[in-house]
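Peer 1: Sharing a structure, written as structure tokens. Questions coming.
The values are calculated or read from the model by the stated rules, or taken from the named source; none is laboratory data. What you see is a predicted model, and the numbers here were worked out from it, not measured in a lab. With ideal geometry, Cβ positions are generated from the backbone for all residues, glycine too; neighbour counts draw on all protein chains shown. The area values use the complete protein model at the heavy-atom level, side chains included, leaving out ligands, DNA and RNA. Shrake-Rupley method; radii C 1.70, N 1.55, O 1.52, S 1.80 Å.
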Amino acid sequence: MLVKTYGCAVTGINATKVTVEVNISSGVNFFMVGLPDNAVKESQQRIVAAIRNMGYKMPTGKAITVNMAPADIRKEGSAYDLTIATGILAASEQITSELISDYVIMGELSLDGELRPVRGVLPIAIKAKDDGFKGIILPMQNVAEAAVVEGLDVLGANSLKEIIEFFNGDFNLHKEEFKDFIEDDFHADIEFDFCDVRGQENIKRALEIAAAGGHNVILIGPPGAGKTMLSKRLPSILPTLTTAEALVTTKIHSVAGKLNKQIGLVKQRPFRAPHHTISDVALVGGGTNPQPGEISLAHNGVLFLDELPEFKRTVLEVMRQPLEDRVVTISRAKNTVEYPASFMLIASMNPCPCGFYNHPEKDCVCGPGVVQKYLNKISGPLLDRIDLHVEVTPVPFSELSKAPATEKSADIKRRVITAREIQGNRYSNREGIYCNAQMKTKDLQSICKLNEASSTLLKTAMERLGLSARAYDRILKVARTIADLEKAENIETNHIAEAIQYRSLDRSGWAG
């Protein structure tokens, strides 16, 4: 007897329908075809044990052929256990219902027949909805994640036995209600708020500009100056995730197996802070079976790299293309996978190995040329993609002893959102551009027009401070963001002047 059940294969952050055809005929063997990997092939042992331990019969003295179509897509992981087991039970007439074809069925089986959660449920649920399936049957731990897809029956089960009884009409599976997340639901208590920061008003101003324009930032200062503390507060002033952004972010975390099963949908912008010993594959993604890396997990959020010069050179260099294209492309011999990687980079570093170069009170003990050699660990092309260079100095005791600042992150966030709305209207007819940091070079002349006084100021700064040519575009983009924060139609001299001071590492002789 031939029976078809349905599952999905996840490639990148999207899913493809997989038809599992189970045929039972005379013979004494078990065949599994359709490009399954080892984890899928091993499912035979789990399925046999689960069916028997649930009190059902595994067909004996029969040839069981399992074909997973389309055969040119590699099937990976243990999520097909439930799809195949249901097909075998239906082909052996232990399941009599014809409703099997109405559902996508995915889940991992334990030897006693209990169900275990799987990865990539959200893209699978979206694909099931798009292909016209009535619903999806999943382990109970995965139903919250799938329930964000409207118009799809999301059924949860704890064991294979519950699913068999459901199809035979003897049991009703748990049905998870659709969760209609509106953008107001994405507000949450802020763990790190700018109102707790004493002093550092210039740094808070720089981070506000970065958030308003989507600019990358590097903080340079001695140990204990507050670089990490300030960086952790950046997500609190970024615009709230839209529903569309939340869905894409959730898909990435789901595929990577990083999703909180109880929440279902990622509601807050990610903040990823990998250690400096991370490998290039772990940062950008890849591997034998490609998985998203840290830069994709930071999509629509912040990637924080603490002590930037301590990262391996190769790790930093592989970020250059994703920073520019906002997507990671992983090519293998048989396929190519793309992961979104639109994130804000915020990096921090000491100014020298000892950490006290340019310190107001302590002397630097690094020898001649050591400071420049330390800074040279960061290549020019990478530095070119960082818009704001901000010097962080220690907060004096007089500032520390004062009461905390009164302006909360929520107050700053309102100004940021207003500036982003201005940019959204400006770039509404430009595909793929949503903020000033994404502005193309060809648009600078039309969007960042300068009056004579501003142009003269910028020219003078370029000459006197020895700013590099790459600083020119960055200054214009940052100045445009500063003008947007002030709701100014044109870039004025004060906007240019403020933007110029955020190019510390471009100044000739900065490192002595």
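Peer 1: Per residue, what volume in Å³ does the convex hull of the Cα atoms of the range 1-128 enclose?
Peer 2: With only Cα atoms used, the range 1-128 gives 93 Å³ per residue.
Peer 1: Grab the DSSP H runs of the chain that are 4 residues or longer, score each as -39,500 (n - 2.57), total them, divide by all residues and round the 222 nm result to the nearest 500 deg cm²/dmol.
Peer 2: -9500 deg cm²/dmol
Peer 1: Okay, moving on. Report, to the nearest 10°, how far helix 409-426 tilts away from the longest principal axis of the Cα atoms in the chain, using its own Cα long axis and a range of 0 to 90°.
Peer 2: Relative to the chain, helix 409-426 is tipped by roughly 80 degrees.
Peer 1: Compute the angle between helix 43-53 and the longest alpha-carbon principal axis of the chain, please, reported from 0 to 90 degrees and rounded to the nearest 10.
Peer 2: 50 degrees
Peer 1: What does the accessible area of Val248 come to, in Å² to the nearest 10, when a probe of 1.4 Å is used?
Peer 2: The value for Val248 is about 50 Å².
Peer 1: Which order do His174, His389 take by accessible area at a 1.4 Å probe, largest first?
Peer 2: From most exposed to least exposed: His174, His389.
Peer 1: A further question on this structure: Please go through the residue pairs Lys227/Lys251; Lys75/Lys261; Lys127/Lys179; Lys75/Lys134; Lys232/Lys312 and name each one whose alpha carbons sit more than 25 Å apart in this structure.
Peer 2: Table pairs above 25 Å Cα-Cα are Lys227/Lys251.
Peer 1: While we're here: I need the Debye-formula profile for the range 48-103: one equal scatterer per C-alpha, no solvent, reported as log10 I(q)/I(0) at q = 0.12, 0.28 1/Å, two decimals.
Peer 2: Listed by q, the Debye log ratios stand at -0.33, -1.32.
Peer 1: Could I ask something else about it? What's the whole-number percent of alpha carbon pairs in the range 235-341 lying beyond 18 angstrom?
Peer 2: Everything past 18 Å amounts to 49 percent.
Peer 1: Give me the Kirkwood hydrodynamic radius of the chain, using the inverse of the mean 1/r over all pairs of distinct Cα atoms, in Å to one decimal.
Peer 2: Radius from the Kirkwood sum: 25.7 Å.
Peer 1: Here is a follow-up. Please list the equivalent ellipsoid semi-axes of the range 256-304, computed as the square roots of five times the alpha-carbon gyration tensor eigenvalues, in descending order and whole angstrom.
Peer 2: Gyration-tensor ellipsoid for the range 256-304: 20, 14, 8 Å.
Peer 1: What does the accessible area of Glu165 come to, in Å² to the nearest 10, when a probe of 1.4 Å is used?
Peer 2: Taking all protein chains as shown, Glu165 has close to 50 Å².
Peer 1: Here is a follow-up. List the relative contact order of the range 234-283 as a percent without decimals, with contacts defined as Cα pairs under 8 Å and 6+ residues apart.
Peer 2: That works out to 42 percent.
Peer 1: Jot down the per residue volume, in cubic angstrom and as a whole number, of the convex hull over the alpha-carbon atoms of the range 111-184.
Peer 2: Once divided by residue count, the hull of the range 111-184 is 98 Å³.
Peer 1: Hey, another quick one. Could you give the spread of the C-alpha atoms of the range 407-512 along their three principal axes, from largest to smallest, in whole angstroms?
Peer 2: The Cα atoms of the range 407-512 stretch 40, 36, 25 Å along the principal axes, largest first.
Peer 1: What is the mean projected area of the alpha carbon convex hull for the range 319-365, to one decimal in square nanometres?
Peer 2: 5.4 nm²
Peer 1: Something else now. Based on the Cα atoms of the range 1-70, what semi-axes does the equivalent ellipsoid have, where each is the square root of 5 times one gyration tensor eigenvalue, given in whole Å with the largest first?
Peer 2: Result for the range 1-70: semi-axes of 23, 14, 11 Å.
Peer 1: Could you state the principal axis extents of the C-alpha atoms in the range 278-385, from the largest down, to the nearest angstrom?
Peer 2: 56, 26, 21
Peer 1: Mind giving me the FRET efficiency for Leu111 and Ser428? R0 is 60 Å, r the Cβ-Cβ distance, nearest 0.05 is fine.
Peer 2: Working from the Cβ atoms, E equals 0.60.
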